Amino acid sequence: DPFVEGGRMYKSGDLGRWLPDGTIEYLGRNDFQVKIRGFRIELGEIEAKLAQHEKISEAVVVAREQDGTKQLIAYTTGEGELEAEAIRSFAQQRLPGYM
């Protein structure tokens, strides 16, 4: 810690900036982690699992907030039609429940 002799600092992945009044403004994260319902979730982990499905060639997962509630949404491309429920079932078999 350059500010406290003998102190420690940790990389949290959070981005911030010093404001003129000395406070720190939170700007977001420098990785693709999100926090939902108290869990830190790596979006790339979900994308990788979805991409293992035989009909999915690419997957992108984003966190959206609606009415104060965050939820994960997956966008996929691939061969043929694939029902949302089939994707959800596939993910539930391979990922922890909080994801």
Which whole-Hz ³J(HN,Hα) couplings does segment 58-64 yield from phi under the Karplus relation 6.51 cos²θ - 1.76 cosθ + 1.60, θ = phi - 60°, glycine and proline marked x?
9, 9, 10, 10, 10, 9, 10
Let me check I've understood the local charge: for residue 75, count other residues with C-beta under 10 angstrom from its C-beta, Lys and Arg +1, Asp and Glu -1. What total comes out?
-2
Residues meeting the amide H criterion for residue 29 (H placed from the backbone, H to H distance under 5 Å, 5 or more places apart or on another chain) are 15
In µm²/s, what is D for segment 1-62 at 37 °C and 0.692 mPa s, where D = kT/(6 pi eta Rh) by Stokes-Einstein and Rh is the Kirkwood radius from Cα pairs?
221 µm²/s
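Determine the sum of side-chain charges near residue 53: Lys and Arg each +1, Asp and Glu each -1, restricted to other residues whose C-beta is under 14 angstrom from that of residue 53.
After counting each charged neighbour, the total is -3.
Mean residue ellipticity at 222 nm from the helices of the chain, using -39,500 (n - 2.57) per DSSP H segment of n ≥ 4 over the full residue count, to the nearest 500 deg cm²/dmol? Before the final figure, lay out each step's value.
Numbers: 2 runs with 19 residues, N = 99.
-5500 deg cm²/dmol, from helical runs alone.
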With all protein chains present, the chain has a carbon and sulfur share of its accessible area (1.4 Å probe) in percent of 49 percent
Would you mind checking the radius of gyration and Dmax of segment 15-99 based on alpha-carbon positions, in Å?
16.3, 56
Could the peptides 16-23, 61-68 be put in order, highest first, of the mean number of other beta-carbon atoms found within 10 Å of their residues?
61-68, 16-23
Sequence of 24, 36 from largest to smallest accessible area, 1.4 Å probe
24, 36
So, for the chain, what is the accessible surface per residue at a probe of 1.4 Å, expressed in square angstrom?
80 Å²
Treating cross-link reach as a plain straight distance, find the lysines whose alpha-carbon is under 28 Å from the alpha-carbon of residue 55, omitting any fewer than eight places away in the same chain.
70
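The values are calculated or read from the model by the stated rules, or taken from the named source; none is laboratory data. Everything quoted here is computed from the prediction, not taken from an experiment. Positions of Cβ are generated from backbone atoms using ideal geometry, with glycine treated the same way; all protein chains shown enter the neighbour counts. Side chains included, ligands, DNA and RNA excluded: accessible areas come from the protein's heavy atoms. Shrake-Rupley method; radii C 1.70, N 1.55, O 1.52, S 1.80 Å.
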